[in-house]
Amino acid sequence: MEGRERIISLDLVRGFAVLGIVAVNVAGFAGPRLATLTPAHLVVQGAGFAYAPAAPLDEAVFAAILVLFEGKMRALFTMLFGASMLLFIERAEAAGRNGLALQARRLGWLALFGYLHYVLLWWGDILFLYAACGFVALGLCVFSNRALVIGALAGYLLWAVMGGLGGLPLVLAEEHMRLGIAGASEAAKLKAALADSMTMLRGDVAQAHLGFVAMAHDKLVNAPGWPFVMIFASFGETLPLMLIGMVLYRIGFAQGLASRRVLWGVAALGLGLGLPMALGMAWWAWARHFPPVAMGELMADWAAPQHLLLALAYYALMLLAAPCLLRGRLGVRLVAAGRMAFSNYILTSVALSVLFYRVGLFGRMGDGAQMLVVLAVWIAMLGWSKPWLEYFRQGPLEWLWRSLVERRALPFKKVTPGA
């Protein structure tokens with residue numbers, strides 16, 4: 001792809017990623033945080049806890065999301081963020097400006113947006129995390145591609161292995177309890193972990209029934225540092241993926257400049273290695289009705305290699321499909337959704353918060369029914385982004401963000417030819 005299409009390809013992949021993220025995030029709005037780990041219901045049983053399996057349809061949908069979207073869309077979007085950071089710096093410096101300083105200011109405003117997103121709308125904000133990791137990535141982007149790739153892959157895998165080994169005793173305790181061979185020590189540790197999960201679950205349910213103002217107040221009083229907890233929990237995943245995205249931009253892969261042979265090779269490698277991993281994990285978890293302790297460890301740590309491999313495969317496949325997609329309506333609308341990814345991300349949070357927290361559907365919609373909501377959001381994103389961009393230069397929040405960075409109100413409406 002040449003010229004303008006090189007940037008359009010980034011928007012195309014970003015549009016695909018922002019749609020995929022909705023399929024993962026919806027569970028975090030529809031129920032407590034535990035619902036993002038398992039469709040099963042954690043219930044008190046005598047002196048302990050038990051899992052009530054979800055309906056077969058809900059388990060099947062959860063498994064499909066686990067294989068196709070969970071972690072992969074986050075990895076893809078994070079790599080795109082790393083690539084876009086370098087694109088922003090490159091454009092600023094081409095205009096004779098200090099790209100690093102402007103990017104740092106941009107990340108500062110993103111951190112504020114992210115914290116407000118957490119307080120006002122949703123506990124699962126990722127913008128604050130991106131801003132924090134972005135500052136570190138700015139300091140590291142001076143290194144060579146080779147150094148960044150080696151450091152990123154080593155850090156990514158080391159973080160996953162250390163986290164996985166750290167949580168392995170609890171996973172084994174959970175499995176031993178299922179088999180009826182757990183010792184007293186394992187049973188006590190598992191009970192304590194599940195008690196913490198139950199406390200968190202009850203807190204999430206109580207908070208979801210507060211009004212928006214009361215919910216914001218509750219977060220500021222009882223959990224003002226949650227976004228920093230998210231950094232601690234995800235730094236070792238997010239920063240390496242950003243660095244990989246930067247390298248992909250430097251070598252032209254992110255813009256679709258790699259040969260089709262290379263793209264097919266990346267897609268085949270990613271699918272050939274990552275898909276069997278994802279299917280194997282889903283099969284193991286499904287057979288056990290998605291035990292929450294194990295799912296937390298699997299999704300956060302042990303699934304890291306498949307997340308990266310399949311995200312790269314998706315990236316390559318979207319770039320391979322770009323020439324065909326960009327000639328059709330779907331591709332054009334995906335590009336528009338990608339150009340407005342920030343607005344679409346936040347407005348999705350607004351819509352889902354209203355639906356589940358105010359309309360009263362929180363905790364009442366299984367994973368199968370949630371897919372109807374996802375489909376509606378996809379239609380809305382693809383439906384409104386293109387018409388909006390026909391009259392305005394960028395999305396509303398993109399315009400606000402850029403205006404804050406530039407410290408002036410930038411032109412918003414497109415100039416009508418002949419006006």
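The values are calculated or read from the model by the stated rules, or taken from the named source; none is laboratory data. Please read these numbers as outputs of a predicted model, since none were measured by experiment. FYI the Cβ positions are ideal-geometry reconstructions off the backbone, even for glycines, and counts take in every protein chain you see. SASA here: full protein model, heavy atoms, side chains in, ligands and nucleic acids out. Shrake-Rupley method; radii C 1.70, N 1.55, O 1.52, S 1.80 Å.
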Extension gain (nm, one decimal) between Arg91 and Lys414, 0.36 nm per residue minus Cα-Cα: 114.2 nm
Relative packing of peptides 179-190, 208-219 - highest average C-beta neighbours within 10 Å first: 208-219, 179-190
Helix 341-353 vs. the chain, principal-axis angle (Cα, 0 to 90°, nearest 10): 40
Rounded FRET efficiency, nearest 0.05, which uses the C-beta distance separating Ser144 from Arg260 and R0 of 30 Å: 0.65
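Given axes a ≥ b ≥ c from the Cα gyration tensor, I'd like to know whether the range 124-233 is rounded (a/c under 1.5), prolate (a/b larger than b/c) or oblate.
Oblate shape, in that a/c is at least 1.5 and b/c is the bigger or equal ratio.
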About the Cα centre, charge dipole magnitude for the chain (Lys/Arg +1, Asp/Glu -1 at Cβ), debye: 1440
Partner aspartates and glutamates for Lys191 [C-alpha distance under 12 Å; skip if fewer than 8 residues away on the same chain]: Glu174
Extended-chain gain in nm, criterion 0.36 nm per residue less alpha-carbon gap, Ala206 and Leu330: 40.6 nm
Between 0 and 90°, nearest 10: helix 184-208 axis offset from the chain longest Cα axis: 50
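Whenever you get a sec, compute what percent of the accessible area on the chain sits on carbon and sulfur atoms (1.4 Å probe).
C and S atoms contribute 69 percent here.
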Cβ-derived FRET efficiency at R0 41 Å, Phe392 paired with Ala188, nearest 0.05: 0.10
Cα gyration tensor category, rounded, prolate or oblate, for the range 202-290 with a/c compared to 1.5: oblate
At R0 = 25 Å, FRET efficiency that the Cβ-Cβ distance of Asp218 and His41 yields, to 0.05: 0.55
Nearest-20 debye value, the range 102-194 charge dipole, Cβ charges on Lys, Arg, Asp, Glu: 260
Tensor-based shape of the chain (alpha-carbon gyration tensor, a/c under 1.5 rounded, otherwise prolate or oblate): prolate
Per residue, the convex hull volume that the Cα atoms of the range 32-129 enclose (Å³): 130
Virtual spin-label span in nm between Phe228 and Ala50, 7 Å along Cα→Cβ: 4.2
Probe 1.4 Å, protein heavy atoms only - accessible area per residue of the range 31-119 in square angstrom: 39
Alpha-carbon Debye profile of the range 284-400, log10 I(q)/I(0) at 0.14, 0.16, 0.23 Å⁻¹: -0.89, -1.07, -1.21
Full-extension gain in nm, Leu100 to Ala195, via 0.36 nm per residue minus C-alpha separation: 29.6 nm
In degrees, nearest ten, helix 396-406 long axis to first principal axis of the chain (Cα): 70
Residue-normalised accessible area of the range 232-329, given per residue in Å² at a 1.4 Å probe: 42
